[in-house]
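The values are calculated or read from the model by the stated rules, or taken from the named source; none is laboratory data. Given the structure is predicted, the values throughout are model-derived calculations rather than measurements. FYI the Cβ positions are ideal-geometry reconstructions off the backbone, even for glycines, and counts take in every protein chain you see.
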Amino acid sequence: MKENQETKNNHQKTIVFELSWEVCNKIGGINTVITSKVNYMIDRYKENYFLVGPYFAEKSNKEFQEKLPPEFLKKAFNELKNIGIVCHYGIWVIDGTPNVILVDFTIFSKNKNEIKTELWNHYKIDSLYTEYYDFDEPVIWAYAVGMLIEAIKKNYDSEILVHSHEWLSGAALLYLKTKKVDAATVFTTHATVVGRVLSNSGINFYSKLKEWDFDKEAYNYHVQAKHQLEKQTALNADVFTTVSEITSIEAEFILGRKADFILPNGLNIKKFPEFDELTIKHNYLKNKVREFLTYYFLPYYDFDISNTLFYFIAGRYEFHAKGIDIFIKALAKLNEMLKKENSKTHIIAFFWIPGNVKAIRHDVLESRTLYQDLKEFVEDEFPEIKQKMLYLLISSKRISEKSLFKEQFMLEIKNKILKFRKKGKPPLSTHELYNEEQDSIISYFNQFGLKNDESDKVKVIYYPIYLTGADGLLDLNYYESMIASHLGIFASAYEPWGYTPLEAAALGISSVTTDLAGFGRYILANRSNEDLKTSGIYVLRRFEVSDERCIEELAKILYQYSKLTKEERIKNKIEANKLSKLADWSILVKNYFDAHDFALSMHKK
């Protein structure tokens, strides 16, 4: 994106403060939004770009390097320290090393009730008797940030723009508005409070947006303080933005303001491996998954793991919002379809969704240990077996069990295999769970007949922990697990953007998303390939469509994908990887700059 020199110089004179509760404090996708676009923000605003977040000593010190603040910040810091707000300046130790201000609000928290009273008096935010730390902490922090920006403005005569993410930093913008601080403001909502809570309750509110009283629903679900704070921030910002078309539609009804700009979430695609490298990694990591499946399933019964496809879902445990419910129902239909035709292909469906875990199941650990023992025994004997095989081949002698293996070797192997075999059937989950009988995923597996029976063509594995790369089973991290797979399914009923299918595409993995996901709608609007067989990213229609119809359509997609040849799957991978480039920050960051420029021009009027 090219700009003339005069315009570029003007941008570099503007001080930009981007506020988020997830600066040096990773919780979810907003952390990815901020960190992945840092270089583009610095390229435009240079040293005048500051990220602002909360200070939590134990967490912050892992990725925050403190430095002496510049003079104009030092004056403001000293002023705030006298009233219990302690500010830390430094750099975030990530690519781009952006300037960061972390605000410690611990002492300032004693003013909680006064802050809430002011929010009520000016904006009728009903929070005085709301005693939830997940509301109180961000509000106190954001209010302190508003005071910080006010103090900076007093000490430094420069144009200021404040970009606030989510309701958690909304109190900063409301403070600036109340005190009439000369700063342009942009507010981005990534997901509305009420929209998320309704969706998590299994309610499809999109179908009757005009009929809902969302302010009333906020009280019904006890989230009125968050909702009102979010709504007032949206209404009072110079520029209101959302991350997708679907969230803008939602915000217009829930928050009472349509987005001025859409700011789609991107990725820094050049940081991902090239497709050739991904192909090599896929083959290597796929074999690691096969090894895991060998000791997970083969103690109980045999099936052809080499003719098996890996489907997966990953993300937060939001059973309805993330489409976990319809994925399981579609898998059940797929299982019946494949069983009916006696398909030679098997599907393993991984559910990489953190849950309420006790520990790795004892039987799984035992199978892993016995498998490793068997593997090591064969590896120890393999040099001699290899030499014998070469001799038999060269001398044109018959290769048989007797000619290739020693009698003692075969006795020990048979003994180890007997120990490896188990009765029963493979577990549905890799880990023991607290209140397993109440777990929705396990309950749905049982309810819809996905029980890992030998006759099942679709087998399921609930893997209820974060993928760290060192968990004692798969030992693959999040991206490695994706690369090893064939198809990701993210059939969300509520997804303001949806990073996971974009990440999968950047890793050369095909996926299913929906038109209730911001990313899904973005793909529908921007892709040119209409060949559904090799579309790379499949967009399931869920907007104003019944769940029953969605399940039928999803089962159809899963079935059709299982019938693709290897060459067709490769074409899908190539197309998915190509589509990921449509969401590169080099393209999408312009939306941020347009929103900033518009806010500055609006504020000057």
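Checked against the criterion of being in the same structural domain as V460 (by TED's automatic domain parsing) and either over 19 Å from L428 (Cβ atoms) or over 17 Å from the mean Cα position of the chain (by Cα) (or both), the candidates I328, I353, I313, I324 yield just one match: I328.
Figure legend. Inter-residue proximity from region 333-348: first residues in the same structural domain as K459 (by TED's automatic domain parsing), second residues among the basic types (K, R) and in a loop (DSSP other than H, G, I, E, B), beta-carbon distance below 6 Å, spacing 6+ or different chains. Indicated pairs: N335/K457; L338/K457; K339/K457; S343/K457; H346/K457. Taking (1) assigned to a helix (DSSP H, G or I); (2) modelled with pLDDT under 95; (3) surrounded by fewer than 14 Cβ atoms within 10 Å (Cβ to Cβ); (4) not charged (D, E, K, R) in turn, I413 satisfies each apart from (3). Residues in region 531-573 that are hydrophobic (A, V, I, L, M, F, W, C) and over 24 Å from the mean Cα position of the chain (by Cα): L532, V545, L564, I570. Across region 471-503, the qualifying residues are those that are under 15 Å from the mean Cα position of the chain (by Cα) and among the hydroxyl-bearing types (S, T, Y), and the one among them that is nearest to F519 (Cα to Cα) is Y499.
Pull up region 228-249, narrow it to residues that are free of Cβ contacts under 8 Å to residues at least 60 places away in the same chain and part of a helix (DSSP H, G or I), then point me to the one that is farthest from S169 (Cα to Cα). The qualifying residue farthest from S169 (Cα to Cα) is I249. Contact annotation: residue pairs with Cβ atoms under 6 Å, 6 or more positions apart or on different chains, pairing a residue in region 413-428 that is assigned by TED's automatic domain parsing to the domain that holds E381 with a partner that is in a helix (DSSP H, G or I) and at pLDDT below 95, are K416/L374. From the set of residues in region 223-249 that are surrounded by fewer than 24 Cβ atoms within 10 Å (Cβ to Cβ) and under 23 Å from the mean Cα position of the chain (by Cα), which is nearest to A525 (Cα to Cα)? Here the answer is E245.
Looking at region 579-593, can you tell me whether even one residue there is among the aliphatic types (A, V, I, L, M), in contact with a strand residue (DSSP E or B) (Cβ under 8 Å, 6 or more places away or on another chain), under 30 Å from L19 (Cβ atoms) and part of a helix (DSSP H, G or I)? Yes, because at least one residue in region 579-593 is among the aliphatic types (A, V, I, L, M), in contact with a strand residue (DSSP E or B) (Cβ under 8 Å, 6 or more places away or on another chain), under 30 Å from L19 (Cβ atoms) and part of a helix (DSSP H, G or I). Exactly one residue out of N591, N577 is farther than 25 Å from H346 by Cα, surrounded by fewer than 17 Cβ atoms within 10 Å (Cβ to Cβ) and at pLDDT 95 or above, and it is N591. The set of residues in region 434-487 that are under 22 Å from H346 (Cα atoms) and of a type in the set (G, A, S) comprises G449, S455, S481, A484, S485. Among the residues of region 251-303, those identified as closer than 30 Å to S199 by Cα and more than 21 Å from the chain's Cα centre (by Cα) are A251, E252, F253, I254, L255, G256, R257, K258, A259, D260, F261.
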